[in-house]
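Written below as structure tokens is the structure these notes are about.
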Amino acid sequence: MCGIVGYLGHREAYPIIIKGLQRLEYRGYDSAGVALMDGELNIYKKKGKVVDLHEFAKGKNLKSNLGIGHTRWATHGEPNDRNAHPHLSNSGKLALIHNGIIENYAALKTDLQQKGYVFKSDTDSEVFINFIEDIYLNTGVALGEAVRLALNKVVGAYAIAIISLEDPNLLIAARKGSPLVIGLGKNEFFVASDATPIIEYTNEVVYLEDQEIAIIKDGQLTIKNIADVEMTPYVQTIDLELEAIEKGGYEHFMLKEIYEQPKSIGDCLRGRLQAKEGKLVLGGIFDYVTKMVNADRILIVACGTSWHAGLVAEYIFEEFCRIPVEVEYASEFRYRNPIVSEKDVVIAISQSGETADTLAAIDLAKSKGATIIGVCNVVGSSIARATHAGSYTHAGPEIGVASTKAFTAQISVLTMMALMIAEKKGTLSESKYRSLLVELESVPAKVAKALLLNDQIEVISAIFKDATNFLYLGRGFNFPVALEGALKLKEISYIHAEGYPAAEMKHGPIALIDEAMPVVVIATKDSSYEKIVSNIQEVKARKGKVIAVVSEGDTEIPKMADYVIEVPHISDALMPLISVIPLQLLSYHIAVMRGCNVDQPRNLAKSVTVE
Ligand code: G6P
């Protein structure tokens, strides 16, 4: 969580930092701040969004060729001006921005207080910069070395950037567990949590590895690790278009990303799925297919929406590959001494590739000998690098905090993986395998057709926008879609919503149903169709309002449901890719009508790099 940006070069730092922070706001947005060097260290920070900071900074001295900026998602200390970053050391000479958590901050703080240090904020980050200052002042070493010595003593996760009043040509950055990328321009350097603040200036970047320190001094970049070994920077050229991270005429990123799905799913399938030839090529896992075919079990670890994609994958892998699958919340898995063996394959799913719990779950499973396969969206992310092999989702940057196109791309990749294994394992007949490939190829066009439902869904949204509760029901492959639909609504509209397996409704949620309760039922024509029709009748018998997502041409459900949304038909296993589209649109429109900040819902962050 938290986004950081730094600049050292010949341009004005402030505009670069502010624009960069706006791009990183998906990482946190409860307060923001900048530190700018102009013979003195000018620090401006404000509770609220980056735009509030920008407003606050108007008319102030913003001149500087060296600066750091931060957008925060509070961990230690409530979001207010005082706790916002940058934090200054007691001498007033060092300024720091920090993304992550310092776990031993309390002990460090006590020691520092005994030495006379005073603290103005409740943050671990202020302790961190004073700890560095204490070493710096007491040892007389260079600042970079003081940072290195300090990093050997702190426990926790960090991506930091530090500037010093004593040296206008010095910018120091370091990371452990939180991402950090350095942009290399002509006589200028950028540091940021991801490449989006950098790409309009340079596409040459260095991704800092864990426990590495970058010292940018007098136009030179030096990287060393915390054991004091100098590293050769690995410069990569990134391929990221500016327009991919802009709204492109849409009112919100979320809507843009919902509408991008025919393209993002197409990009994900392209070059991998060759339906006519009956071929699937996932180059990234090529060397691990035999391992997957022979796996005793597949364990899926993920969080949030990615966990829902994992649930869809559970149904798909078990159905096609006949391999037992367990889907685990990464945060539970990592702390419960799970039984994992060398015959297990672990699939880690993550849009950002930075989720701390998923990363820790991978480390744990790896230490027990399992093979780890990643399904990530962000190329070069920590999870992508921590796994043995994997397949990227290629959905492009997802900026709206509520995940949409990443979800469908994850399911697309996982479906291809499952089909590839099933084919090798012989658990699917050739004809079924081939017909599924052809159907998979038709998904982008069917998603495009489902998006034409937008106007109808807007009308339904207006009817239910003031509801206080929603229930989402689904069975089989559509059960995880019910969970995802409910999560989307909760996240961005703040309406309480629950997703449930439709039959399980009788064991609790049915007690909540009355004429005020909208019940979204995903009831497409599949093997459990007859059963879900009965569940709809159970809801209607209690006067619930049924919004049914059905297959095109269904004549039975329209007789009993209050509102019917018809989606293009496709095989059971592929239906989540289609049936989730109207649910994404429903949550979007309801949230907009309620005046909610769709792209930056309260308390949430897109990349959760703390446990
Ligand atoms: C946060 C985001 C969700 C996301 C989850 C997992 O909660 O707001 O949209 O599903 O993290 O993130 P990951 O990047 O690992 O998929």
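The values are calculated or read from the model by the stated rules, or taken from the named source; none is laboratory data. Since we're looking at a predicted model, the values are computed, not measured. As a convention, Cβ positions derive from the backbone with ideal geometry for all residues, glycine included, and neighbour counts pool all protein chains shown. The protein model used for the area step is the full one, side chains on, heavy atoms only, and it has no ligands, DNA or RNA in it. Shrake-Rupley method; radii C 1.70, N 1.55, O 1.52, S 1.80 Å.
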Filter segment 531-546 down to residues that are exposed (fewer than 14 other Cβ atoms within 10 Å of the Cβ) and not in a helix (DSSP H, G or I), then give me how many there are.
1
Sort through 287, 239, 296 and tell me the only one that's in contact with a Pro (Cβ under 8 Å, 6 or more places away or on another chain), in contact (Cβ under 8 Å) with a residue 24 or more places away in the chain and of a type outside the set (A, V, I, L, M, F, W, C).
296
Output the qualifying pairs, or none if there are none: Cβ atoms under 7 angstrom, residues six or more apart or on different chains, first residue in segment 337-363 and free of Cβ contacts under 8 Å to residues at least 40 places away in the same chain, second residue more than 9 Å from the ligand (Cβ to nearest atom) and among the hydroxyl-bearing types (Ser, Thr, Tyr).
353/382
For segment 138-147, indicate whether the set of residues that are modelled with pLDDT under 95 and either under 23 Å from residue 169 (Cβ atoms) or open to solvent by less than 30 Å² (accessible area, probe 1.4 Å) (or both) is non-empty.
yes
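Quick test for you: out of 122, 134, 111, pick the one residue that is outside any loop (DSSP other than H, G, I, E, B), among the charged types (D, E, K, R) and open to solvent by 50 Å² or more (accessible area, probe 1.4 Å).
Numbers: 122 fails: outside any loop (DSSP other than H, G, I, E, B); 134 fails: open to solvent by 50 Å² or more (accessible area, probe 1.4 Å).
The unique qualifying residue is 111.
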Among the residues of segment 268-302, count how many are open to solvent by less than 40 Å² (accessible area, probe 1.4 Å) and farther than 23 Å from residue 326 by Cα.
7
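Would you mention how many residues in segment 44-77 are over 18 Å from residue 600 (Cα atoms) and touching a residue at least 40 places away in the same chain (Cβ under 8 Å)?
12
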The conditions are (1) touching a helix residue (DSSP H, G or I) at 6+ places or on another chain (Cβ under 6 Å); (2) at pLDDT 95 or above; (3) farther than 20 Å from residue 415 by Cα, and residue 345 fails exactly one of them. Which is it?
(3)
Could you list, in sequence order, the residues of segment 552-587 that are in contact with a strand residue (DSSP E or B) (Cβ under 6 Å, 6 or more places away or on another chain) and part of a helix (DSSP H, G or I)?
557, 558, 578, 579, 582
Take residue 36 and tell me if it is over 23 Å from residue 178 (Cα atoms) and surrounded by 24 or more Cβ atoms within 10 Å (Cβ to Cβ).
yes
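Confirm whether residue 549 is among the hydrophobic types (A, V, I, L, M, F, W, C), within 30 Å of residue 428 (Cβ to Cβ), touching a Leu at 6+ places or on another chain (Cβ under 6 Å) and outside any helix (DSSP H, G or I). Step through it out loud before you land on a result.
Working: among the hydrophobic types (A, V, I, L, M, F, W, C): yes; within 30 Å of residue 428 (Cβ to Cβ): yes; touching a Leu at 6+ places or on another chain (Cβ under 6 Å): no; outside any helix (DSSP H, G or I): yes.
No; evaluated as a whole, the condition is false for this residue.
Anything in segment 316-370 that is of a type in the set (S, T, N, Q) and open to solvent by less than 10 Å² (accessible area, probe 1.4 Å)? List them, or say none.
Step one: list which residues in segment 316-370 are of a type in the set (S, T, N, Q), which gives 331, 337, 341, 350-352, 355, 358, 367.
Selection gives 350, 358.
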Quick one: how many residues across segment 555-611 are open to solvent by 50 Å² or more (accessible area, probe 1.4 Å) and within 16 Å of the ligand (Cβ to nearest atom)?
6
Selection from segment 214-236 of residues that are in a loop (DSSP other than H, G, I, E, B), without any contact (Cβ under 8 Å) to a residue 60 or more places away in the chain and either open to solvent by less than 40 Å² (accessible area, probe 1.4 Å) or charged (D, E, K, R) (or both)
218
Boolean, residue 247 is without any contact (Cβ under 8 Å) to a residue 12 or more places away in the chain, in a loop (DSSP other than H, G, I, E, B) and farther than 22 Å from residue 598 by Cβ:
no
Conditions (1) part of a helix (DSSP H, G or I); (2) open to solvent by 50 Å² or more (accessible area, probe 1.4 Å); (3) modelled with pLDDT under 95: number failed by residue 26
(2)
